[in-house]
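Visitor: Sending over a structure as structure tokens; questions will come in a sec.
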Amino acid sequence: MLAASLAVNGVVLGSVLLMCSLGLTLIYGVGRIVNFAHGALFSLGAMAGVWLSGAGLPFWLTLILAPLGVGLVGVVLDWAILARIRHRPMVDSLLLTFGLALLITGVLYELGGRNVQILPVPSQLEGIVSVGGLTLPIYRIFVSLLAVALTAALLLFLRNSTWGLRVRAANDDPEMGACLGIDRGRLMHSVVGISAALAAAAGVAGAPIFTAFATVGDKILILAFMTVILGGLGSLRGAVVAAYAVGLIIVFGEGYFGGQLALMALFLLVMAMLIKWPRGFFGEGRTE
Amino acid sequence: MTGAITFENLHAFYGQSEILHGVNMQVEAGSVACLLGLNGMGKTTTLRAAMGLVDRTEGRILLDGKELGGPTFRRSQMGITLVPEDRKVFANLSVRENLEVARAMAPRDAAFDIAAAVEIFPRLGERMEQKAGTLSGGEQQMLVVARAMLVNPRYMMLDEPTEGLAPTYVEAIRQSIEVARGRGIGIILVEQSLPLALAVGDHFHIMENGQIVRSFTRAEALAEPAAIERLLTVS
């Protein structure tokens, strides 16, 4: 029974990681930017959810407006800041986005993020359902389904639209994409915007489970990075599989051995992957 | 439509190192200019400089009278593209998607479409749903040439397109160059294989130490291929 319960929680965490990791891997793939500010965008989404909910907006509207707002923040961040260092070495983007993360977190601290706040579960999603003797909180099922739906929508859009074709081409080889006329700068505005919106959606949807505060995205960011490395940098399907693998490893590890051991086991796995299979589960990630 | 791409005293730099020391060359639309020379003489850098892929340039390049500049994608949109030497297919996209992404960058009414590309390279038609990264080297080279033609450029630069290819693939690349020229595309071809260059070239430029040191017309080159061969031999 414990195992089944842990499996459900692992899937929920994996779903939240999935929403963050897809954006992280796309931003790296298309822009060669290691976005350390992604966790702060998750926190911003969670806090925006609390603010909008506190202003009396219903949960469903919050779940739409917060990601839209944070998505817009993402577009502005890319246009105003990340675009300025597009041609610089990767370490510059790493340091810059780290600074951005600290900046966003600092602003959130000043805006009430010092205290842990809880976004209430909407009344329609309260309660539990019993499946084969197993009791499952309805809200956690909802979060998993939401993540799967958003991910499927993004992957379908990437597969079937001209925008998606350009993103995947630039993801494979930005320089060659430019030689064919693909404007990577404009593409990146939309990629960062959509990635930020996805991270914020994860933040809002996760707020009733993980709570909301200025640094709630920090742990998610670390786990999302582990996900992206395991899946292979720039590999979308790798990120899908790795997100659930990391979610299950963390939750089962915490359940049976304690949180620190779970993290250590994950780090060991990530180190082994980096040494032995740096291109990730499907061998299609980047290694430069 | 006539026109030309003109390199005027082009200097190019990687960091502090000056690689090109004043390249002057004109390539007319619908003609093939072969850029020949030993390794390290600046042939690839000339092509990359035209695409805006070097750190810095001086001098200028005119494309049909307009100055070529700005970021790489803008230069491509002005009508020039590059087939680089290391077969840069979009490895995780299918052959069809590689072709579609290029076609989507061309004007909607552009004449050269995917059907025309498959006509030149029937092998690609048989591999449409295969991931480009799993193609053989020759097939990948066909794909990158077809992809470049699909953006319907006015000028196309090919960097050693037949290097390491089997004779059947070399012949396919030769035919594609003929088709591109027939469609009025101006071509700059960097090529190690002198027989191929002599088969398709209209003008021949020899590069040494970042400059063009001698040029031959087709008639001159065919009359005296040994003169070119001597210039391409390490003394």
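The values are calculated or read from the model by the stated rules, or taken from the named source; none is laboratory data. The shown structure was predicted, so the numbers you read here are calculated from the model rather than taken from an experiment. Ideal geometry is used to build each Cβ from the backbone, glycine not excepted, and the neighbour counts take in all protein chains shown.
Visitor: B:V27 passes all but one of (1) in contact with a Leu (Cβ under 6 Å, 6 or more places away or on another chain); (2) assigned to a strand (DSSP E or B); which number fails?
Guide: So the condition that B:V27 fails would be (1).
Visitor: Please work out which one of (1) in contact with a helix residue (DSSP H, G or I) (Cβ under 6 Å, 6 or more places away or on another chain); (2) in a loop (DSSP other than H, G, I, E, B); (3) within 10 Å of chain B (Cβ to nearest Cβ) is the condition A:A170 fails and give its number.
Guide: (2)
Visitor: Going through the stretch A:185-203 one residue at a time, which ones are within 14 Å of chain B (Cβ to nearest Cβ) and either within 28 Å of A:V12 (Cβ to Cβ) or crowded, with 24+ Cβ neighbours inside 10 Å (or both)?
Guide: If the condition is that a residue be within 14 Å of chain B (Cβ to nearest Cβ) and either within 28 Å of A:V12 (Cβ to Cβ) or crowded, with 24+ Cβ neighbours inside 10 Å (or both), then A:M188 is the only one that fits.
Visitor: A further question on this structure: Going by the conditions given, is B:M156 modelled with pLDDT of 95 or more, on the phi < 0 side of the Ramachandran plot and either of a type in the set (V, I, T) or within 15 Å of the chain's Cα centre (by Cα) (or both)?
Guide: yes
Visitor: Residues B:L124, B:L165: which one is more than 14 Å from chain A (Cβ to nearest Cβ), hydrophobic (A, V, I, L, M, F, W, C) and part of a loop (DSSP other than H, G, I, E, B)?
Guide: None of the other options fit; the residue is B:L165.
Visitor: Something else: Tally time: how many residues in the stretch B:127-151 are surrounded by fewer than 21 Cβ atoms within 10 Å (Cβ to Cβ), away from chain A (no Cβ under 14 Å) and touching a Lys or Arg at 6+ places or on another chain (Cβ under 7 Å)?
Guide: 2
Visitor: State yes or no: is B:A199 among the small types (G, A, S), over 18 Å from B:M25 (Cα atoms) and modelled with pLDDT of 90 or more?
Guide: So B:A199 fits the description; yes.
Visitor: Name the residues in the stretch A:108-135 that are surrounded by 15 or more Cβ atoms within 10 Å (Cβ to Cβ) and touching a helix residue (DSSP H, G or I) at 6+ places or on another chain (Cβ under 6 Å), would you?
Guide: Within the stretch A:108-135, A:L108, A:G113, A:Q117, A:L119, A:V121, A:P122, A:L125 qualify.
Visitor: Search the stretch B:30-62 for residues being touching a Ser or Thr at 6+ places or on another chain (Cβ under 8 Å) and assigned to a strand (DSSP E or B), and hand back the single one that is nearest to B:R108 (Cα to Cα).
Guide: B:L62
Visitor: Would a scan of the stretch A:123-143 turn up a residue that is within 14 Å of another protein chain (Cβ to nearest Cβ) and in contact (Cβ under 8 Å) with a residue 40 or more places away in the chain?
Guide: No, the stretch A:123-143 has no match at all.
Visitor: Sticking with this one: Could you tell me how many of the residues in the stretch B:49-62 are on the phi > 0 side of the Ramachandran plot and within 9 Å of chain A (Cβ to nearest Cβ)?
Guide: 1
Visitor: Let me ask something else about it. Which pairs have Cβ atoms under 7 Å, sit 6 or more apart or on different chains, and link a residue in the stretch B:172-200 that is without any contact (Cβ under 8 Å) to a residue 40 or more places away in the chain and of a type in the set (D, E) to one that is assigned to a helix (DSSP H, G or I) and buried (at least 16 other Cβ atoms within 10 Å of the Cβ)?
Guide: What qualifies is B:E178/B:V200.
Visitor: Using the structure shown, decide if A:I250 is over 30 Å from A:W79 (Cα atoms), buried (at least 23 other Cβ atoms within 10 Å of the Cβ) and out of contact with any Phe, Trp or Tyr (no Cβ under 9 Å at 6 or more places or on another chain).
Guide: Considered against the rule, which asks whether it is over 30 Å from A:W79 (Cα atoms), buried (at least 23 other Cβ atoms within 10 Å of the Cβ) and out of contact with any Phe, Trp or Tyr (no Cβ under 9 Å at 6 or more places or on another chain), A:I250 comes out as yes.
Visitor: Something else: How many of the residues making up the stretch B:63-111 are part of a loop (DSSP other than H, G, I, E, B), aliphatic (A, V, I, L, M) and within 7 Å of chain A (Cβ to nearest Cβ)?
Guide: The qualifying residues number 4.
Visitor: So which of A:L103, A:L77, A:L26, A:L52 ends up being in contact with a helix residue (DSSP H, G or I) (Cβ under 9 Å, 6 or more places away or on another chain) and loosely packed, with under 15 Cβ neighbours inside 10 Å?
Guide: On inspection, the qualifying residue turns out to be A:L103.
Visitor: Collect the residues in the stretch B:198-208 that are buried (at least 23 other Cβ atoms within 10 Å of the Cβ) and of a type in the set (A, V, I, L, M), keeping them in residue-number order.
Guide: Scanning the stretch B:198-208 gives a single hit, B:M207.
Visitor: Here's another thing I want to ask about it. Checking A:G10 against (1) assigned to a helix (DSSP H, G or I); (2) over 25 Å from A:F213 (Cα atoms): exactly one of these is not met. Which one?
Guide: Just one mismatch for A:G10, condition (2).
Visitor: On to the next question. Which of the numbered conditions does B:I114 fail, given that it passes all the others? Conditions: (1) crowded, with 16+ Cβ neighbours inside 10 Å; (2) within 12 Å of another protein chain (Cβ to nearest Cβ).
Guide: The one condition B:I114 does not meet is (2).
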